[in-house]
Amino acid sequence: MTGINIISTGSYAPAVAVTNDDMSKVVDTSDEWIKTRTGISVRRMSGGEPTWHMGACASKQAIERANIDPADIGLIITSTITNDFSTPSVSCLIQREIGAVNAACFDLGAACSGFVYALDTARRYLATDDNLKYVLVCAAESLSHITNFEDRSSCVLFGDGAAAVIVERSDKLFAAWTGADGTGAKFLYARTAHNIHPFMPNVPTVIDDETDSGITHNMLVQNGKEVYKFATKALPGAAKNAAAAAGLDIDDIDIFVPHQANIRIIETAAKNLGVSMDKFYVNIDRHGNTSSASIPIAFDEAVTSGAVKRGQKICFVGFGAGLTLGAVIFEY
Ligand code: ACO
């Protein structure tokens with residue numbers, strides 16, 4: 001099967017750093033509660049820069065490091081649930097900024113699993129289109145735009161950021177497994193703002209009779225306990241399915257880069273998978289949960305710090321709203 005080579009990575013973290021003590025000025029919480037329940041110390045938030053700007057900055061860095069001509073990028077896929085606009089796509093705005101004049105552009109919405117889905121999609125394009133040389137896969141998220149800063153159980157979790165990779169066709173190992181469970185949609189969602197038109201009564205679309213009553217804002221609504229239960233099963237399940245697709249044992253994987261949602265989720269999932277935490281790359285303490293941007297931000301950090309090396313077998317594993325889940329395993 002045709003695989004991919006990740007030529008380069010890039011990332012962007014907004015300048016505004018919000019500590020747990022800062023959060024305790026907004027809601028009734030404490031540094032101690034947030035650290036012990038989530039592992040988060042500080043998260044970055046957009047100080048006004050749009051999602052597309054963060055994505056473009058990360059993409060420029062990846063292009064510079066790959067030392068390629070942006071005109072040779074044939075496709076841009078951006079994973080996001082926090083586009084600044086319903087249309088155009090974040091990918092089109094990134095294309096405008098980086099001069100990738102020959103690229104087709106679209107966004108992909110699979111929440112925190114989005115980067116895994118996007119990388120798998122890039123591989124499929126590369127496998128079926130010989131004219132495609134490079135794909136830019138980006139994830140850009142401004143969760144602060146949809147965070148409910150009156151809900152202490154969710155607002156302490158999220159942050160903003162972006163990251164990107166340049167990929168090309170390769171014979172190296174690549175395998176993916178992706179899935180979803182729409183019956184869990186009610187456990188984690190945010191409405192889209194929309195008009196109430198003259199021919200429709202002012203009734204919000206109901207996602208679930210019990211949990212949805214009275215919620216008309218467009219901020220994230222989360223059942224933390226249900227998401228926790230799902231996540232601790234989804235992570236090992238997706239990783240095992242991708243390993244089976246790759247013809248590998250879980251022990252063959254050198255480094256896992258999981259979605260950075262909560263350190264307790266990652267620790268419990270690692271235990272369920274039977275893998276030591278030493279093999280998990282974690283940076284949630286410094287970024288919080290940046291949805292689909294969390295895996296590529298962590299990977300960029302792991303690459304630039306030397307924590308991952310060429311030739312190693314890497315597993316990206318994501319889980320999130322939808323509910324969605326998925327994993328890719330590849331040789332870096
Ligand atoms: N500060 C202080 N107290 C708090 C806070 C807070 N920020 N949030 C909740 N509490 C309180 C609750 O009110 C509750 O108090 P009570 O016992 O008096 O009622 C107490 O802490 C315990 O609340 P729980 O909800 O039981 O806390 P829990 O240990 O389950 O932790 C958390 C909550 C962190 C949200 C956890 O459920 C979790 O991590 N869930 C998964 C969330 C997640 O990762 N979501 C994203 C994944 S998918 C994606 O990335 C989009």
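Stretch residue 27-residue 130 to full length: gain in nm at 0.36 nm per residue minus the Cα-Cα span? Walk me through the numbers before you get to the answer.
Numbers: separation 103, 0.36 × 103 = 37.08 nm, distance 5.33 nm.
Extra length from residue 27 to residue 130 when fully extended: 31.8 nm.
Give the average over all directions of the projected area of the C-alpha convex hull of the chain, one decimal, in nm². All intermediate terms of the calculation are to be shown ahead of the outcome.
On the way: hull surface 68.0 nm².
Averaged projected area of the chain's Cα convex hull equals 17.0 nm².
Please calculate how many Å² of accessible area the chain carries per residue, with a 1.4 Å probe and no DNA, RNA or ligand atoms counted.
That works out to 42 Å² for each residue.
Which of the peptides 104-114, 274-284 is most tightly packed, and how do the rest follow, judged by the mean count of other Cβ atoms within 10 Å per residue?
For the peptides 104-114, 274-284, the packing ranking is 104-114, 274-284.
Taking all pairs of different Cα atoms in region 3-172, averaging 1/r and flipping that mean, what Kirkwood radius in angstroms comes out?
Its Kirkwood hydrodynamic radius stands at 16.7 Å.
Go ahead and estimate [θ] at 222 nm for the chain from helices alone: -39,500 (n - 2.57) per DSSP H run with n ≥ 4, summed, over the residue count, rounded to 500.
Taking each H run of at least 4 residues, the total per residue is -9500 deg cm²/dmol.
Work out the length of the dipole vector of the chain about its Cα centre, built from +1 on the beta-carbon of each Lys and Arg and -1 on the beta-carbon of each Asp and Glu, and round it to the nearest 20 debye.
Its charge dipole is roughly 340 debye.
Whole angstrom only: what separates the Cα centroid of region 224-251 from the Cα centroid of region 97-115?
Going from one Cα centre to the other spans 26 Å.
Ranked highest first by average number of other Cβ atoms within 10 Å, how do 313-325, 155-167, 224-236 line up? Walk me through the numbers before you get to the answer.
Numbers: 313-325: 25.7, 155-167: 27.7, 224-236: 19.1.
Ranked by mean Cβ neighbours within 10 Å, highest first: 155-167, 313-325, 224-236.
What's the carbon and sulfur percent of the chain's accessible surface, probe 1.4 angstrom, rounded to a whole number?
For the chain, the apolar C and S fraction of the accessible surface comes to 49 percent.
Starting from the residue with the highest accessible area, list 216, 82, 268 in decreasing order, probe 1.4 Å.
Numbers: 216 100, 82 5, 268 55 Å².
From most accessible down to least: 216, 268, 82.
Quick one: divide the alpha-carbon radius of gyration of region 64-136 by 2.2 N^0.38 Å and tell me what you get.
1.08
Return the whole-Å distance between the Cα centroid of region 25-51 and the Cα centroid of region 305-332.
Using only Cα atoms, the two centres lie 25 Å from each other.
Please report, in debye to the nearest 20, how large the charge dipole of region 113-256 is about its Cα centre when each Lys and Arg carries +1 at its beta carbon and each Asp and Glu carries -1 there. It would help to have the intermediate numbers written out before the result.
Values: 12 positive and 19 negative charges, 20 e Å.
The calculation lands at about 100 debye.
By per-residue mean of other Cβ atoms within 10 Å, what is the highest-first order of 56-62, 91-97, 44-50?
56-62, 91-97, 44-50
The values are calculated or read from the model by the stated rules, or taken from the named source; none is laboratory data. The structure presented is a predicted model; accordingly, all values stated were derived computationally and were not measured. Heads up, the Cβs are rebuilt from the backbone with ideal geometry, glycines too, and the neighbour counts pull from every protein chain shown. Surface areas here come from the heavy atoms of the whole protein model, side chains and all, with no ligands, DNA or RNA. Shrake-Rupley method; radii C 1.70, N 1.55, O 1.52, S 1.80 Å.
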